[in-house]
1. Run down Arg8, Arg13, Arg21 and say which single residue is basic (Lys, Arg), surrounded by 13 or more Cβ atoms within 10 Å (Cβ to Cβ) and free of Cβ contacts under 8 Å to residues at least 12 places away in the same chain.
2. Please determine, by comparing only the residues of region 35-65 that are assigned to a loop (DSSP other than H, G, I, E, B) and of a type in the set (Ser, Thr, Tyr), which one is farthest from Glu5 (Cα to Cα).
3. Let me spell it out: the conditions are (1) assigned to a loop (DSSP other than H, G, I, E, B); (2) at pLDDT 95 or above, and Leu18 meets all of them except one. Which number is the exception?
4. When you check Asp40 against the structure, is it surrounded by 11 or more Cβ atoms within 10 Å (Cβ to Cβ) and of a type outside the set (A, V, I, L, M), yes or no?
5. Which of the residues that make up region 37-67 are within 8 Å of the chain's Cα centre (by Cα) and either modelled with pLDDT under 90 or not hydrophobic (A, V, I, L, M, F, W, C) (or both)?
Amino acid sequence: MPHEEAARQFSFRLPEPLVARVESCAEKIRKSGLDVTRADVVRLLLKHALDATNCDLNLLLSTKPTRRRTR
């Protein structure tokens with residue numbers, strides 16, 4: 001990861017289907033040329049979810065797909 005900050009260990013269990021999705025995501029990122037671990041992917045996804053939802057419960061529980069930003 002590009003910018004390392006002081007980190008604390010945070011462990012939790014995930015259901016098998018969610019683990020499979022994380023591993024699939026990691027594989028897609030690796031295919032793009034970036035060497036990532038499963039933990040790297042979880043950190044990226046968690047940060048993105050927090051930034052995108054700002055912990056708004058309606059957004060967190062929404063089943064509607066979010067719109068992709070155009071660049």
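The values are calculated or read from the model by the stated rules, or taken from the named source; none is laboratory data. Just so it is clear, the structure is predicted and the values come from calculations on it, not from any experiment. Note that each Cβ is placed from the backbone with ideal geometry, even for glycine, and that neighbours are counted across all protein chains shown.
1. Numbers: Arg8 fails: surrounded by 13 or more Cβ atoms within 10 Å (Cβ to Cβ); Arg13 fails: surrounded by 13 or more Cβ atoms within 10 Å (Cβ to Cβ).
Residue meeting the stated conditions: Arg21.
2. Keep residues of region 35-65 that are assigned to a loop (DSSP other than H, G, I, E, B), which gives 35-37, 54-56, 62-65.
Still in the running and of a type in the set (Ser, Thr, Tyr): 37, 62-63.
Working: Thr37: 17, Ser62: 31, Thr63: 33 Å.
So, considering only residues that are assigned to a loop (DSSP other than H, G, I, E, B) and of a type in the set (Ser, Thr, Tyr), the one farthest from Glu5 (Cα to Cα) is Thr63.
3. The one condition Leu18 does not meet is (1).
4. Details: surrounded by 11 or more Cβ atoms within 10 Å (Cβ to Cβ): yes; of a type outside the set (A, V, I, L, M): yes.
Spelling it out, Asp40 is indeed surrounded by 11 or more Cβ atoms within 10 Å (Cβ to Cβ) and of a type outside the set (A, V, I, L, M).
5. Initial filter on region 37-67 (within 8 Å of the chain's Cα centre (by Cα)): 41-49.
Once the filter is applied, which keeps residues that are within 8 Å of the chain's Cα centre (by Cα) and either modelled with pLDDT under 90 or not hydrophobic (A, V, I, L, M, F, W, C) (or both), region 37-67 yields Arg43, Lys47, His48.
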